[in-house]
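Presented below is the structure to which this report refers.
Laboratory data are not the source of any read-out in this text; all were calculated from the coordinates shown. As the structure is a computational prediction, the values presented were derived from the model and not from experiment. A quick note on method: Cβ atoms are made from the backbone with ideal geometry, for glycine too, and the neighbour counts reach across all protein chains shown.
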Amino acid sequence: MEKTIAVIRGDGIGPEIVNEAVNILDIIANLYGHTFHYVDVEMGGCAYDKYGDALPQEMLEKCLNSDSVLLGAVGGSKWNDLPAAKRPEKSLLKLRASMNVFSNNRPAKIWPQLASASPLKPEIVEKGIDFIIVRELTGGIYFGEHKTETVNGEKVSVDNMRYSESEIERIGRIGFETARKRNKKLCSVEKSNVLDCSQLWKAVMHRLAAEYPDVELSDMLVDNCAMQIVKNPAQFDVIVTENMFGDILSDEASMITGSIGMIPSSSLGSTSRGLYEPIHGSAPDIAGKNIANPIGTILSAAMMLRYSFDLAEEAACIENAVSAVLNQGYRTADIMDADGKLTGCKEMGSLIAKHLTKG
């Protein structure tokens, strides 16, 4: 197989963690006889410093002309004072919208080796944590109208949440299809006791449920869901929700698994081309210190192989290597425990690479 991958190293720890993931992909290509071509894309604060634009059109075109995109992280405190439209985070919204990737899929899974790292009580963790949050990615309040104006002598800000039936339906179908491939339980999360958007969301989800009689659909208000994720995460299989709710809940879910540095994500649309990235930020305070955890990015590369390139065996090879290294007790600082062997970013990548074996 021959594929072109756009590689966005970005800001902060982005270059460090992406380099380790690319090295893993190179080894996989050699093991299984594939060819991966990498196209470097400058995006984020580093691109703003160089071009005055966090995602120049030329760079965007490179992403759109690739088979998939691997992203490290963008942004950081250095650029916090820029006008909102110029900030690196806006480039990520622009990239998602341009790629038309409307579904962000974030697994929340506890690795058995890291059970002690979870902030939850052992009796809760023992019940199991293994669910996926399917988050609508290109609609809702993040993409609605934003304005601040002066009214009666004071500033007033408005952020508009908007959803159409078709937007809800397409993400709803992904939720149902994902549940169908797992344990056939789908929880639709909204705030229908307050928001019109959520009332429409609930109505569309219940209409879709008739097409998926094999999937058990439940409804949950977002505030209750936030509580239930820490009270009894074992009850969840697949959660589907809108953009802002999904942003918040998926970060909460990542922390109950022990570390945000372990969690990959995929963003997909109507084609096989996807955007793959760890869910953590650029962590500028530890950039360049060789202490970042590259596993979330490495597992994101594995997700790319599985979901965009249909290379399930190759993806499993990476996941098994990660598990083997964790079994041996190696830990980066964010997942370090009393019996762990403290390991740096480069060293963790090298250890995983050594455990990549075909078959």
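Key figures for this structure:
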| read-out | value |
| --- | --- |
| LYS109/ALA85 FRET efficiency (R0 25 Å; Cβ-Cβ; nearest 0.05) | 0.10 |
| q = 0.10 Å⁻¹, region 227-352: log10 I(q)/I(0) [Debye, one scatterer per Cα] | -0.36 |
| Region 195-234 pair-distance distribution - Cα-Cα, 10 Å bins, rounded % | 25, 41, 33, 1 |
| Positive minus negative residues near GLU58 (Lys, Arg vs Asp, Glu; Cβ under 15 Å) | -1 |
| Semi-axes of the equivalent ellipsoid for region 1-111, Cα gyration tensor, largest first, Å | 26, 16, 14 |
| Normalised alpha carbon radius of gyration of the chain [divisor 2.2 N^0.38 Å] | 0.99 |
| Positive-end residue, the chain charge dipole about Cα centroid, Cβ charges, pick of LEU64, ILE260, GLY140 | ILE260 |
| Span-like helix ranges in the chain, DSSP H, alpha carbon extent 24 angstrom or more, Kyte mean at least -0.5 | 14-32 |
| Point-to-point label distance, SER98-ASN290, nm (Cα→Cβ direction, 7 Å offset) | 3.5 nm |
| Pair GLU169, GLU58: separation of 7 Å Cα→Cβ label points (nm) | 4.2 nm |
| Fewest-first ranking of SER198, SER192, using other Cβ atoms within 10 Å as the exposure measure | SER192, SER198 |
| Fraction in percent of alpha-carbon pairs per bin - 10 Å, region 119-256 | 12, 39, 30, 13, 5, 1 |
| Length released on extending from ASP339 to THR357, taking residue separation times 0.36 nm less the Cα-Cα span | 3.8 nm |
| Peptide ranges 76-88, 218-230 listed from the most packed, as the mean C-beta count within 10 angstrom indicates | 218-230, 76-88 |
| Among ASN320, CYS345, ILE239 the positive-end extreme of the charge dipole of the chain (Cβ point charges) | ASN320 |
| For the chain, size of Cβ-based charge dipole, Lys and Arg +1, Asp and Glu -1, in debye | 320 debye |
